[in-house]
1. Return the residue satisfying two criteria in turn: it lies in the range 323-355 and is farther than 20 Å from His195 by Cα, among the charged types (D, E, K, R) and touching a helix residue (DSSP H, G or I) at 6+ places or on another chain (Cβ under 9 Å), and of such residues it is surrounded by the fewest Cβ atoms within 10 Å (Cβ to Cβ).
2. Only one of these conditions is not met by Lys220: (1) in a helix (DSSP H, G or I); (2) over 19 Å from Ile343 (Cβ atoms); (3) out of contact with any Cys (no Cβ under 8 Å at 6 or more places or on another chain). Which number is it?
3. Please work out which residue is surrounded by the fewest Cβ atoms within 10 Å (Cβ to Cβ), limiting yourself to the range 299-322 and to residues that are without any contact (Cβ under 8 Å) to a residue 60 or more places away in the chain and outside any helix (DSSP H, G or I).
4. Return yes when Asp44 is free of Cβ contacts under 8 Å to residues at least 40 places away in the same chain and touching a helix residue (DSSP H, G or I) at 6+ places or on another chain (Cβ under 7 Å) and no when it is not.
5. Residues Ile71, Ile102: which one is touching a residue at least 40 places away in the same chain (Cβ under 8 Å) and not small (Gly, Ala, Ser)?
6. Contact list please: Cβ distance under 6 Å, first residue in the range 118-147 and more than 17 Å from Val304 (Cβ to Cβ), second residue of a type in the set (A, V, I, L, M) and assigned to a loop (DSSP other than H, G, I, E, B), pairs at least six apart or on different chains.
7. Going through the range 49-95 one residue at a time, which ones are crowded, with 16+ Cβ neighbours inside 10 Å and at pLDDT below 90?
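The values are calculated or read from the model by the stated rules, or taken from the named source; none is laboratory data. Since the structure is predicted, the reported quantities are computational estimates derived from the model, not experimental observations. Here the Cβ positions follow ideal geometry from the backbone for every residue, glycine too, while neighbour counts run over all protein chains shown.
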Amino acid sequence: MKHRILIVNSGGDCPGMNAVIRAVVKRAALETDWEILGCIDGFDGILTEPNEVIMLDEKSVSEIQIKGGTILMTNNKRNPFNYPVKQKDGSFKNMDVSEKLIENLKALNINSVIHIGGNESHKISYQLFNKGVNIVGVPKTINNDLSITDYSFGFQSAVQIATSAVDKLVTTASSHNRVLILEVMGRNTGWIALHAAIAGGADVCLIPEIPFTIEKIIEKLQSRYSKDGRGFANIVVAEGANFKGEKNELKPGLIAREISSRLKKSNFNHDIRETILGHLQRGGVPMAFDRILATELGVKAFEVVKEKKFGTMTIHKNSELTTINLKEVIDKNNKIELTHNLIQTAKGIGISFGD
């Protein structure tokens with residue numbers, strides 16, 4: 001009987017997920033008695049009736065490494081331990097359906113699972129492992145907020161998209177003597193904002209790790225204008241950035257507008273516009289760096305399954321491929337330390353953090 005691996009995506013999409021899928025399939029093709037299956041739309045594929053599980057072979061994954069998103073689709077609302085189940089009256093109730101998931105894996109003769117996801121996804125991985133599922137994780141997040149791996153694929157592609165946006169906004173800001181505020185993703189960490197601000201030449205960078213004040217932002221912005229009102233400035237803000245002494249409870253897409261509103265209320269007289277980059281950062285063709293990293297992690301994931309080292313995650317640490325126990329992965333956010341060299345670099349070229 002062939003050994004069957006099920007690939008599952010969960011959480012948000014990001015550039016490079018297809019490269020992982022392709023790498024697992026192509027590595028398995030070099031062996032005998034191995035089959036790779038794909039779970040459609042996160043854990044829905046294995047939990048719905050009938051199942052949406054497809055066979056994957058070299059033909060079906062040909063050239064998908066150049067595509068953004070994932071051919072298997074994904075979602076962040078189908079936790080098998082808190083899964084919406086339709087009741088007789090038509091309403092939905094969240095229930096633990098992990099036993100059903102395990103039963104369905106057995107019914108399909110699936111021996112192991114490769115789960116591609118971020119922090120919340122791998123909490124599920126760890127819970128499933130504790131229930132006896134032979135599972136291996138692959139780290140995925142555009143926010144680079146998993147401290148257990150040097151980089152997560154998707155991050156460099158997201159940074160490139162954000163940097164390209166800063167590049168374009170700088171030119172239009174200078175043409176109209178405006179302040180342009182660009183909001184990027186980063187609910188808990190500011191890696192995308194920090195990289196894009198440095199690479200794109202922003203004047204202000206606001207991140208969750210450094211609370212800011214409007215007064216300090218205005219101080220920097222005023223320095224960018226001459227007495228006759230000519231000048232321009234660009235602000236890059238992570239969606240989870242916080243005003244000093246306040247907790248950011250704003251939904252993504254609102255912090256840039258809130259900053260703009262407070263600047264205007266503070267009698268900052270120059271023209272201000274906001275741009276919310278949003279899901280543009282998740283889409284599009286992955287950079288070569290992310291394709292390579294995702295391929296490395298996919299090949300490693302297959303080899304870890306083959307070696308039966310379950311309950312682990314494949315990671316890239318200190319420039320080497322290795323594994324780490326899932327227990328050590330949970331809630332290990334990769335916050336930007338205030339002593340980080342990029343913080344010092346940003347300050348060294350005059351970028352203000354509003355502190």
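1. Here the residue is Asp331.
2. If we test Lys220 against (1) in a helix (DSSP H, G or I); (2) over 19 Å from Ile343 (Cβ atoms); (3) out of contact with any Cys (no Cβ under 8 Å at 6 or more places or on another chain), just (2) comes out false.
3. The initial filter retains those residues of the range 299-322 that are without any contact (Cβ under 8 Å) to a residue 60 or more places away in the chain, namely 300, 307, 320-322.
Cutting the leftovers down to outside any helix (DSSP H, G or I) gives us 307, 320-322.
Values: Glu307: 11, Glu320: 8, Leu321: 15, Thr322: 14.
By that ranking, first place goes to Glu320.
4. In short, no.
5. Values: Ile102 fails: touching a residue at least 40 places away in the same chain (Cβ under 8 Å).
Exactly one of Ile71, Ile102 is touching a residue at least 40 places away in the same chain (Cβ under 8 Å) and not small (Gly, Ala, Ser), namely Ile71.
6. From residues that are more than 17 Å from Val304 (Cβ to Cβ), the pairs are Lys123/Ile330.
7. Arg78
Rundown of residues vs (1) in contact with a strand residue (DSSP E or B) (Cβ under 7 Å, 6 or more places away or on another chain); (2) at positive phi; (3) assigned to a loop (DSSP other than H, G, I, E, B), yes/no style:
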| site | (1), (2), (3) |
| --- | --- |
| Thr163 | no, no, no |
| Asp167 | no, no, no |
| Ser174 | no, no, no |
| Thr189 | yes, no, yes |
| Ala193 | yes, no, no |
| Ile210 | no, no, yes |
| Lys227 | no, no, yes |
